[in-house]
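What follows draws every value from the coordinates through simple rules; no lab data is involved. Note that the coordinates shown come from a computational prediction; the quantities given were computed from them, not determined experimentally. Cβ coordinates were reconstructed from backbone atoms using ideal geometry, including for glycine residues, and neighbour counts include every protein chain displayed.
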Amino acid sequence: MQLTAPAGDDIRLIHWVGRAFPTLPAKIGIAVSGGGDSMALLHLFARWSAQTGHPIAAVTVDHGLRDGSAREAAQVAAFCTNAGISHDILHWTDWDSHGNLQAAARDARYRLMADWARDAGVGGIALGHTMDDGAETFLMRLSRKAGVDGLSAMDRIFDRSGMTYARPLWMCSRTELRDYLTRNHIEWVDDPSNYDLDFERIRVRQAMDALGQLGLKADALTHAAAALRQSRDALAYYTAHEAQTHVAVQAGDLIMPLKPDVPDEIARRLRSKVIQWMGHLPYPPRQSAMQHLMDGVAIEGTHTLGGAIVTHTDGQLRIAREMNAVRQVTCQTDQIWDHRWALDGPHSDELHVAALGDGIVDCPDWRAQELPRQSLLASPAIWHNDTLIAAPIAGLHRGWNARIVADFHSSLVAH
């Protein structure tokens, strides 16, 4: 395949892929299904790589969910061989037939690609999402009554499964990329599922034609989503700012007023973020779940959500880790326990970290720590088999200390 120097509209497209990542990875991975968007992405990166000498590698995930997927993956492999691009095919084999198939396939795809990238020395993966994908996602979320966060434009750069992903073509239309493939004589595969009305996205895609007659075209929806992303980022900034004043930390617990003196939306975000952090959730809880939580706290004084237990006392909320969420969590003493705790002390391969739980009966000074018993039950402790060695948060140090290494306030700044 001849990777000719760019001309005309191709120059702009190649410029976009060349700027996909703010910091250029040592090697860039390209996620390719064989469809038009991803084949355009692959060909653009191939031309950019030929000009710059920067290494790239391609990867295809074959979910094995329909006839023809293996053949399509093989077509991508043949294209890569002809272009001199390293290419691997990954197979999803652990679907348990439970839950949402599309969501499970998406999660598996990111997980498989992240593992592949680490093994292949790839520091970032480019995805072929387009302006049309963003517009369709906007409408799908709008139908689910999403708020500012849900309606915000897709992130151009994001991390998932420990890998950085980029969407360099997010301002390109699907039609523009098909035109690119046609003038460069590149074939692509039309996935039959793109015409299956059983899928919500396909129904939305067809509805876009009617909406376009009202001026609600992909570019208009993309503009609205981009504006909402700016609003989301501003709200996140002020949420982090107000958290410094209204959210206190006590030995891993978070404490905040039931009714902080901030606008309702900021208060809602603070409550949502403390639950997300405490439960180590990938996304904030749904608004309906948060409302159920607050109703439960108002009636009973205590309620649980997402691995956190929330208690209301004298106008204050205490958010602690729920014991049931960490009952089976264990690791070596030199590893991070429950995504946030580091233990310092005389490490040994014969010891492990687990929740204190019933071991609290062997901590004579636990009341002097001025922490609720339920908070201490879910705190880290050092064990030798079934024998408690130390529980530093409960006052049983014996040469050990515990510290938070992924604190709440820093998590807000990072996002």
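Which aspartates and glutamates does residue 27 reach when only Cα atoms under 17 Å apart count, and residues fewer than 8 places away in its own chain are ignored? Residue 27 reaches 88, 115, 119, 159. Spacing of the modelled spin labels on residue 182 and residue 23, each 7 Å from Cα toward Cβ, amounts to 4.2 nm. Helix 218-246 and the long axis of the chain differ in direction by around 20°, with both axes built from C-alpha atoms. How much of the DSSP bridge set in the chain is antiparallel, in percent, rounded to the nearest 5? Approximately 70 percent, going by the DSSP bridge assignments. Within the shell defined by Cβ-Cβ distances under 14 Å, the residues around residue 124 carry a net charge of +4, with Lys and Arg each +1 and Asp and Glu each -1. Note on log10 I(q)/I(0) by the Debye sum over Cα atoms at q = 0.10, 0.11 Å⁻¹: of the candidates (i) -0.84, -0.97; (ii) -0.61, -0.75; (iii) -0.75, -0.85, the value calculated from this structure sits at (i). With N the number of residues in region 326-406, Rg(Cα) / (2.2 N^0.38 Å) evaluates to 0.96. The magnitude of the dipole of the chain, with charges of +1 and -1 set on the Cβ of Lys/Arg and Asp/Glu and taken from the Cα centre, is near 840 debye. Applying a DSSP loop filter and a limit of 13 other Cβ atoms within 10 Å to the trypsin sites (Lys or Arg not before Pro) in region 302-377 leaves 327.
Bridgeable lysines around residue 259 (alpha carbons under 18 Å apart, same-chain partners fewer than 8 residues away excluded): 273.
Between residue 82 and residue 208, residue separation times 0.36 nm minus the direct Cα-Cα distance comes to 41.7 nm. All other residues whose Cβ lies under 14 angstrom from that of residue 337 are scored, Lys and Arg at +1 and Asp and Glu at -1, for a net of +1.
In terms of packing, defined here as the mean over residues of other Cβ atoms within 10 angstrom, the peptides 405-411, 17-23 line up highest first as 17-23, 405-411.
Secondary-structure-derived ellipticity at 222 nm for the chain, considering helices only, amounts to -13500 deg cm²/dmol, per-run term -39500 (n - 2.57) for DSSP H runs with n ≥ 4.
What's the angle, to the nearest 10 degrees (0 to 90), between helix 9-18's Cα axis and the longest principal axis of the chain? That works out to roughly 30 degrees. Relative to the longest principal axis of the Cα atoms of the chain, the long axis of helix 200-212 makes an angle of roughly 60 degrees. Overall, the anisotropy analysis places region 9-222 in the rounded class: the square-rooted eigenvalues a ≥ b ≥ c of its C-alpha gyration tensor yield a/c less than 1.5.
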